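The values are calculated or read from the model by the stated rules, or taken from the named source; none is laboratory data. Please read all numbers here as calculations on a predicted model, not as lab measurements. Heads up, the Cβs are rebuilt from the backbone with ideal geometry, glycines too, and the neighbour counts pull from every protein chain shown. All accessible areas refer to the heavy atoms of the entire protein, side chains included, with ligands and DNA or RNA removed. Shrake-Rupley method; radii C 1.70, N 1.55, O 1.52, S 1.80 Å.
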Amino acid sequence: MLVATPFIWWAPDAPADASPIRFSFRPIPFTLENSETPRRYAPETMAGGLALFDYDGDGDLDLYFANGADIRTLKKTSPKYWNRLFANDGAGNFTDVTEKAGVAGSGYDMGVAVGDYDNDGDLDMFVAGVHAYTLFRNNGDGTFTDVTEQAGLNARDPEFGPLWAVGGAWLDADNDGWLDLFVFNYLSWNAETEPVCQYEGRPEYCHPRLYGELPNRLYRNNRDGTFTDISVQAGIRAHPGKAMGGCVVDFDLDGWVDIFLTNDKLFNFLFRNKGGAKFEEIAFEAGVALAEHGNFISGMGVDCRDMDGDGLAEIAFVALDNETFPLFRNRGKNTFEEITSSSGITLQSRAMAGYSPAIYDFDNDGLKDLFVSRGHVQSPLMGDRVAVDQHNTVFRNLGRNKFQALTAEAGFAAQPPRRHRGSAHGDLNGDGRLDIVVTALSAPAELWINESPGGNHWLLVALEGTRSNRDAIGARLKLVTAGGVQYNHVSYAVGYSSSSAGPVHFGLGPHETVQSLEVFWPSGVRQELKDLKANQVLRLREPES
């Protein structure tokens, strides 16, 4: 079990004339086609998941975008609707390899979950969509095969009918060394029964209360390329909701991965893993079912990582304007304290609408920051009433649970404001600084190259499981330098409908040496290394015993 150590991190003051976190824009030749119509069908405003992952095993992070389809048929009737895969040349330049790879997809797709479900060393993809699930198995030669039917995945439910999935997460729910699949299902929706909602006589996207709830799904990996739906026996199906985001992490450090879900205008869910993929829902007891004001909010994407250095993962998710971006501090023993107001985020986020939050150390100072892709759920015609198009923002961690919102200062105003949706994060050009890719409805994707000043050091840790699942999802890491202690963990599910499958990142501040690095593998194996040099990608294989 990982033991928490007090946080005593050194944090430098930024120069008065420069932002400590700064990005520059590069275009990506992909436009998110959401098939927006005057009728305002609900899926149109929810598209936009993506993934950063090394699909071809060359050591560079590649890009995959989920894309829409004709909203009336849910079919990709034109190449403009294809999902797109881009290969990275190692310097952050991308080439479209969609056709060769065979991953254009066929339906109205929403999100991507990356994971090596067959433990063969190649990252596979689950694509969540409107009334469709797709599982692409990586063949290891630059191509993929659609194995959805053979794997036993089906987006229909005998009670609820066709399911609308916005994303998913791979996790080893029973610690057997094979990745299981959790699918986030959103609203009970059908084009034929779409309600009519209007604002000043014009059709507008409807409130989620006008749609029914859906159960989420947990699929157990049968270790032979097939999956079994164990949602009932796992305790998941008893809690239908309107899931928009989920994170998978061992919140209570008992050795079993838990699941937190945001719901749209409903109570959030916290599924505590009691062992062996048996879950109990404890959001109210833990204090995370609602924000402290007690009102339902539009819970969007979520990320969960240790932000204060005590070894326990916090919960950060986002919502719409006047709902703020809730931040819950993990106090241990399955209890949380909301610190949104005291952190400064309440005041700074009140006028913002967010979709995809992500917790990473963007300036490599040793403190994890919070990025939020921003944009409203409403259509452009509502621009005279609310800020529909918005710039992205990063909340810089100032230490002691205080945050500073940086928007124009971080360079995000260099592009027009848009209805941003999914985001993925990783080092795309090998400089140790984490870059960002963001989608936006009916607009080109945005690549933000991290050019933060300061010269801080870093360490990237790529883990390969042997007894544990090959991706080491669920592994926890403890890093010590002369400045203090940091923790992180392996999880690819980040933000809204997206995956970030790069190595585990640590910012080291001014420190050129890591005194010790401990890895707590999901199998229970503990590994320790000492006196590591900064500014490298460290590749570790799980010891056999």
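Here are the numbers for the structure shown:
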{"quantity": "Verdict on Tyr199 being in contact (Cβ under 8 Å) with a residue 24 or more places away in the chain and surrounded by fewer than 24 Cβ atoms within 10 Å (Cβ to Cβ)", "calculated": "yes"}
{"quantity": "Meets criteria (open to solvent by less than 20 Å² (accessible area, probe 1.4 Å), out of contact with any strand residue (DSSP E or B) (no Cβ under 7 Å at 6 or more places or on another chain), of a type outside the set (Gly, Ala, Ser) and modelled with pLDDT of 95 or more) for Glu33", "calculated": "no"}
{"quantity": "Selection status of Gly68, outside any strand (DSSP E or B) and either closer than 20 Å to Asp146 by Cβ or β-branched (Val, Ile, Thr) (or both)", "calculated": "yes"}
{"quantity": "From Glu292, Glu285, Glu280, residue being open to solvent by 10 Å² or more (accessible area, probe 1.4 Å) and modelled with pLDDT under 95", "calculated": "Glu292"}
{"quantity": "Which listed residue is modelled with pLDDT of 95 or more and either farther than 25 Å from Leu320 by Cβ or open to solvent by less than 10 Å² (accessible area, probe 1.4 Å) (or both), from Leu85, Leu2", "calculated": "Leu85"}
{"quantity": "Scan of the range 184-196 for residues that are in a loop (DSSP other than H, G, I, E, B) and in contact (Cβ under 8 Å) with a residue 40 or more places away in the chain, ordered by number", "calculated": "Tyr186, Leu187, Trp189, Glu194"}
{"quantity": "Tally, over the range 329-364, of residues that are in a loop (DSSP other than H, G, I, E, B) and among the polar types (S, T, N, Q)", "calculated": "6"}
{"quantity": "Residue that is open to solvent by less than 20 Å² (accessible area, probe 1.4 Å), in contact with a Leu (Cβ under 9 Å, 6 or more places away or on another chain), of a type in the set (A, V, I, L, M) and within 21 Å of Asp254 (Cβ to Cβ), where the choices are Val519, Val514", "calculated": "Val519"}
{"quantity": "Considering residues of the range 391-424 that are more than 19 Å from the chain's Cα centre (by Cα), aliphatic (A, V, I, L, M) and open to solvent by less than 10 Å² (accessible area, probe 1.4 Å) only, the residue nearest to Asp62 (Cα to Cα)", "calculated": "Ala410"}
{"quantity": "Members of the range 174-188 that are over 21 Å from Ser498 (Cβ atoms) and open to solvent by less than 10 Å² (accessible area, probe 1.4 Å)", "calculated": "Gly177"}
{"quantity": "Residues of the range 249-302 classified as more than 28 Å from Asp321 (Cα to Cα) and in a loop (DSSP other than H, G, I, E, B), total", "calculated": "13"}
{"quantity": "Residue list for the range 522-542, filter: open to solvent by 40 Å² or more (accessible area, probe 1.4 Å) and either touching a residue at least 24 places away in the same chain (Cβ under 8 Å) or under 24 Å from the mean Cα position of the chain (by Cα) (or both)", "calculated": "Ser523, Gly524, Asn535, Gln536, Val537, Arg539, Arg541"}
{"quantity": "Residues located in the range 396-410, provided they are touching a residue at least 24 places away in the same chain (Cβ under 8 Å) and under 15 Å from Val372 (Cβ atoms)", "calculated": "Arg396, Asn397, Phe403, Gln404, Ala405, Leu406, Glu409, Ala410"}
{"quantity": "Residue satisfying condition, being surrounded by 23 or more Cβ atoms within 10 Å (Cβ to Cβ) and more than 21 Å from Leu187 (Cα to Cα), within set Asp258, Asp264, Asp224", "calculated": "Asp258"}
{"quantity": "Of all residues making up the range 365-387, the number that are in a loop (DSSP other than H, G, I, E, B) and more than 20 Å from Arg400 (Cα to Cα)", "calculated": "10"}
{"quantity": "Qualifying residues in the range 489-511 (those that are outside any loop (DSSP other than H, G, I, E, B) and over 29 Å from Ala440 (Cβ atoms)) - the one most open to solvent (accessible area, probe 1.4 Å)", "calculated": "His489"}
{"quantity": "Residue that is least open to solvent (accessible area, probe 1.4 Å), among those in the range 7-28 that are modelled with pLDDT under 70 and not hydrophobic (A, V, I, L, M, F, W, C)", "calculated": "Pro12"}
{"quantity": "Residues located in the range 344-359, provided they are touching a residue at least 24 places away in the same chain (Cβ under 8 Å) and either touching a helix residue (DSSP H, G or I) at 6+ places or on another chain (Cβ under 7 Å) or surrounded by fewer than 24 Cβ atoms within 10 Å (Cβ to Cβ) (or both)", "calculated": "Gly344, Gln348, Arg350, Ala351"}
{"quantity": "Residue match in the range 302-320 (condition: closer than 25 Å to Ser499 by Cβ, open to solvent by less than 40 Å² (accessible area, probe 1.4 Å) and of a type in the set (Lys, Arg))", "calculated": "yes"}
{"quantity": "Answer residue from the range 118-148, given it is part of a loop (DSSP other than H, G, I, E, B) and over 23 Å from the mean Cα position of the chain (by Cα) and is surrounded by the most Cβ atoms within 10 Å (Cβ to Cβ) among those", "calculated": "Val147"}
{"quantity": "Subset of the range 433-462 (residues that are out of contact with any Asp or Glu (no Cβ under 9 Å at 6 or more places or on another chain), farther than 13 Å from Arg26 by Cα and open to solvent by 10 Å² or more (accessible area, probe 1.4 Å))", "calculated": "Gly455, Ala462"}
{"quantity": "Matching residues, the range 155-183, being out of contact with any Leu (no Cβ under 9 Å at 6 or more places or on another chain) and not in a strand (DSSP E or B)", "calculated": "Pro158, Glu159, Asp174, Asn175, Asp176, Gly177, Trp178"}
{"quantity": "One residue from Gln378, Gln348 being among the polar types (S, T, N, Q) and either in contact with a Gly (Cβ under 9 Å, 6 or more places away or on another chain) or closer than 18 Å to Thr439 by Cα (or both)", "calculated": "Gln378"}
{"quantity": "Residue within the range 81-97 that is part of a strand (DSSP E or B), within 23 Å of Ala472 (Cα to Cα) and charged (D, E, K, R) present", "calculated": "no"}
{"quantity": "Subset tally (residues that are open to solvent by less than 10 Å² (accessible area, probe 1.4 Å) and more than 28 Å from Gly432 (Cβ to Cβ)) for the range 88-106", "calculated": "3"}
